[in-house]
Amino acid sequence: MTRPLPQAPFRWGRSLLARTSATMLIATVSIGLLAVAVSAHIVRDQRHADLLRRAELVAATQADALSGAVWELDSRSVQSTIDALLARDPAIRDIVVYEATRPPPLARATAAMSATDSAATLRIDRPIVMRDREGRTETVGRLDIVYSTAEEWQATLDALVPVVGLLLLSLLAAIGLLGVTLNRIILRPLQRLTQLARAMARGDYGARIDSARSDEIGVLALSFNRMAETVQDHTQTLETRVQERTEALAATNRAIMDSINYAQLIQSSILPSADSLSDGLRDHMVLWRPRDVVSGDFYLYRPTTSGFVIAVVDCTGHGVPGAFMTMTASAMLNNALDQLGADDPAAILTAVDAKVRTTLNQDGEARTLAQRFDNGLDLALCHVVPTQGRLTFASARIPLLIVNDDGVTEVRGDRDSLGYRRLSAEVNGPRFTNHIIGLQPHQSFFLSTDGLTDQNGGELGRRFGKQRLRDELAYTQNMPLSEIKAILEHRLDRFQTGRSQRDDITLIGFRV
């Protein structure tokens with residue numbers, strides 16, 4: 001326990017402030033007040049004019065930069081632009097962007113409250129004009145920027161240095177008389193105190209200063225010693241606690257990551273191996289990118305007596321929750337195939353839907369907290385019989401893309417998903433449709449979850465989109481599927497431009 005230090009008595013008659021203030025006050029007040037007033041008025045007017053010009057220029061520049069985004073009502077891009085402007089210019093307190101025909105703001109950015117928020121403000125209101133290629137203009141919105149005038153006062157204070165010079169000239173005589181005394185009773189102790197403060201900043205919390213004096217310097221030295229002892233005690237305690245908690249968090253994190261990595265190995269075991277796909281398919285590709293270590297997507301390949309079954313599944317969620325769903329869905333899908341066979345994909349989807357809702361207690365009214373979490377999956381299933389030249393396709397929401405020399409054809413799945421709690425009018429469950437497709441030469445088939453088409457990227461942060469995927473598949477139709485996969489991965493990486501992945505991505509392609 002730290003021993004408390006004795007308090008030094010304070011006497012006003014010995015105060016350094018009282019002894020020095022009387023000598024310097026009369027000589028400096030008159031000149032100082034006059035010089036400060038004149039300089040402050042001049043600099044204030046100049047800085048106000050500078051701020052007004054800068055604000056007009058910024059408003060004009062940003063209005064031109066925002067015209068395209070406001071025209072497209074791209075609130076995300078507008079918000080990103082004004083956030084960046086707010087971060088660059090500390091004088092801006094508020095930015096509001098309005099769309100021309102709507103009163104509510106399209107985007108707004110407001111600076112955090114600070115000590116200068118009580119200062120006066122300067123408001124700039126600028127129309128946002130869109131110019132087309134023919135030179136015609138149209139007002140598409142309005143930009144409102146509020147500047148704080150606090151920097152005008154700061155500039156005024158900075159400009160008072162010449163006034164300080166005048167004050168210094170008037171103080172030369174007083175400094176000559178008081179120099180020796182101030183050096184002995186103030187400067188040397190303050191220099192020592194500064195050295196000890198720097199030592200504390202370097203981590204030497206054992207630094208102390210003599211506090212035997214009874215004036216302000218003595219009080220300051222005593223306060224410094226108390227602060228040093230408090231900081232030393234708290235720092236030692238804090239370092240111990242931080243080290244203990246850091247080690248505990250590191251151990252917990254290692255345990256969690258070990259568990260997740262092991263879960264990834266378990267999930268990978270339910271996916272078909274590359275060898276099994278190569279043995280059963282003439283050509284194939286698999287683009288499988290979990291958003292996290294484990295995925296809420298999976299795909300299936302099973303040979304049958306007459307051909308093979310191939311499926312793509314998108315379960316609710318991603319990461320660990322999604323991975324739990326994939327294990328459940330995989331078991332149910334394989335069980336349905338074992339019981340019903342592969343000839344009727346629509347019946348298999350119906351069976352999986354019933355199994356999911358029964359397993360997750362989604363029939364009837366939700367009575368517990370766990371039952372209120374609505375889960376399910378989207379599933380596309382193809383049964384291919386090469387000897388009969390037939391592919392039978394049934395799907396819950398996931399389309400089948402068929403690519404040949406004539407272009408890309410989309411076979412849409414049914415609108416219902418599997419699982420999820422039904423409304424009272426839907427007690428009979430969804431009905432799924434079999435689509436029979438004849439196999440022809442030079443055909444490629446692709447199944448994809450929505451993680452690929454919903455991925456945002458590009459300069460404007462828009463979705464990858466179905467049309468972009470169809471264009472890429474049509475362009476690469478005559479290439480081996482392995483090359484198509486490499487091209488799609490390259491296109492996707494360039495499109496993301498460093499943005500994080502939004503969802504699990506699965507795309508599987510095959511040729512018969």
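Computed quantities for the displayed model
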read-out	value
Rg followed by Dmax, in Å, when the stretch 23-158 is reduced to its Cα trace	19.8, 76
Cα centre as origin, Lys/Arg/Asp/Glu Cβ charges: the stretch 235-296 dipole, Debye	200
Spherically averaged projected area of the stretch 261-335 from its Cα convex hull (nm²)	5.2
When the stretch 271-511 is reduced to its Cα atoms, the Kirkwood hydrodynamic radius in Å	18.5
Dipole moment magnitude, nearest 20 debye, the stretch 279-385 about Cα centre, only Lys, Arg, Asp, Glu C-beta charged	220
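Here, each number is a calculation from the coordinates, and none is a lab measurement. Values in this document were obtained by computation on a predicted structure and should not be read as measured data. Cβ sites come from the backbone with ideal geometry, for glycine too, and all protein chains shown count toward neighbours.
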